[in-house]
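**Q** Structure incoming, see below.
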Amino acid sequence: MTARLLILGIGYAGQAIAAEALRAGLQVSGTSRDPERARAPEGVTLLRFAEAGPAIAGATHLVATAAPGEDGDPVLAAHAGAIAAAGGLRWVGYLSTTGVYGDRGGDWVDERTPPAPVQERSRRRLAAEQAWAAALAGRCALDLFRTAGIYGPGRSALDEVRSGRARRVLRPGHSFSRIHVEDIARAVVAAARGPHGMAPRVLHLADDMPAESAAVTEEAARLLGVPLPPAVPFEEAWKGMSPMGRGFWAENRRVRSAATQAALGLSWRYPSFRQGLAAILHAEQAGEGLLQQ
């Protein structure tokens, strides 16, 4: 029986997952609010999100990427009935965020760490995880992918440095975890194809080297062979940050993913930002890259 994967929200990460799933031999379709304007790898069937019911009914695997709003998870809000009636559904992957752990003062979290979200958007993510678990209880496998900061072609420190907007915000000891979008895709497809039980499983999509923001900017400038962007003390940078930016900097944690890599039988292709940025630059120079909306 051919595995049929439906990606509910074929944005940046969804496109990478679709490409990896096609290479693995899955039949792939994806949804967008506006399929006429959306882009996806060749071989992916694009559908309008509001009309995804029949595709859900025929899917064996689902990936949900959409962020929850004030009214909860948008996929469950629109398609809970179709999901409940999908008799062939074997596995669902939900892309959540490591933000559900809140601020840990720079300490490490792993897949067993209890969530403690502080910010509203992180509380919504945890509520969405719980809603998916309740909706699928006893029916099919569910993997909760708690994802660190996503970067990749077209969305990396290289682009910030080239644009002239980059700054080195100096806050010693404040680290962020990241993950290359290709490693997200590899992990999601490995989880979908691999063995799994019926209990919801927490998986971490975060590379092996949390780092200070300034270090990533410095590496991007080094790779591009350009002068370092200006250094700005954190206290000064804070004054001009948006609420979203302040939320980003308000939490400090480092994310382990060794258990996830072991469970999925893989190692990250880009275990740190150094390998990831170098690979992005090489792909750009070779005229390669991911599709983007």
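**Q** Pull out all pairs, ordered by first then second residue, where Cβ-Cβ is under 7 Å, the residues are six or more apart or on different chains, the first lies in segment 134-160 and is closer than 19 Å to Ala16 by Cα, and the second is among the aromatic types (Phe, Trp, Tyr) and part of a strand (DSSP E or B).
**A** Leu144/Tyr94; Phe145/Tyr94; Gly149/Phe176
**Q** For Leu126, all conditions in the list (1) open to solvent by 40 Å² or more (accessible area, probe 1.4 Å); (2) at pLDDT 95 or above; (3) out of contact with any His (no Cβ under 9 Å at 6 or more places or on another chain); (4) not hydroxyl-bearing (Ser, Thr, Tyr) hold save one; what is the number of the exception?
**A** Unmet condition: (1).
**Q** Which condition number does Phe234 fail, the rest of (1) within 26 Å of the chain's Cα centre (by Cα); (2) closer than 30 Å to Pro114 by Cβ being met?
**A** (1)
**Q** Test of understanding: among Ser163, Ser156, Ser213, which residue is at pLDDT 95 or above, open to solvent by less than 20 Å² (accessible area, probe 1.4 Å) and either over 21 Å from Val92 (Cβ atoms) or of a type in the set (Phe, Trp, Tyr) (or both)?
**A** Values: Ser163 fails: open to solvent by less than 20 Å² (accessible area, probe 1.4 Å); Ser213 fails: open to solvent by less than 20 Å² (accessible area, probe 1.4 Å).
Answer to the selection: Ser156.
**Q** Does segment 143-153 contain any residue that is of a type in the set (A, V, I, L, M, F, W, C) and within 18 Å of Ala80 (Cβ to Cβ)?
**A** yes
**Q** Name every residue in segment 1-23 that is modelled with pLDDT of 95 or more and surrounded by fewer than 16 Cβ atoms within 10 Å (Cβ to Cβ), in order of residue number.
**A** Answer for segment 1-23, where residues must be modelled with pLDDT of 95 or more and surrounded by fewer than 16 Cβ atoms within 10 Å (Cβ to Cβ): just Arg23.
**Q** Residues to consider are Ala187, Ala250; find the one that is more than 17 Å from Tyr151 (Cβ to Cβ) and of a type outside the set (Asp, Glu).
**A** Going through Ala187, Ala250 in turn, just one is more than 17 Å from Tyr151 (Cβ to Cβ) and of a type outside the set (Asp, Glu): Ala250.
**Q** Ok, one more. All but one of (1) under 26 Å from Gln130 (Cα atoms); (2) modelled with pLDDT under 95; (3) buried (at least 20 other Cβ atoms within 10 Å of the Cβ) hold for Ala67, so report the exception by its number.
**A** Result: Ala67 passes all but (3).
**Q** Condition check: modelled with pLDDT under 95 and open to solvent by 40 Å² or more (accessible area, probe 1.4 Å). Does Leu290 satisfy that?
**A** Against the criterion (modelled with pLDDT under 95 and open to solvent by 40 Å² or more (accessible area, probe 1.4 Å)), Leu290 qualifies.
The values are calculated or read from the model by the stated rules, or taken from the named source; none is laboratory data. Computed from a prediction, not measured in an experiment: that's the story for all the values here. Cβ: placed from backbone, ideal geometry, glycine included. Neighbour counts: every protein chain shown. To get the accessible areas, we keep the full protein, side chains included, count just its heavy atoms, and leave off ligands, DNA and RNA. Shrake-Rupley method; radii C 1.70, N 1.55, O 1.52, S 1.80 Å.
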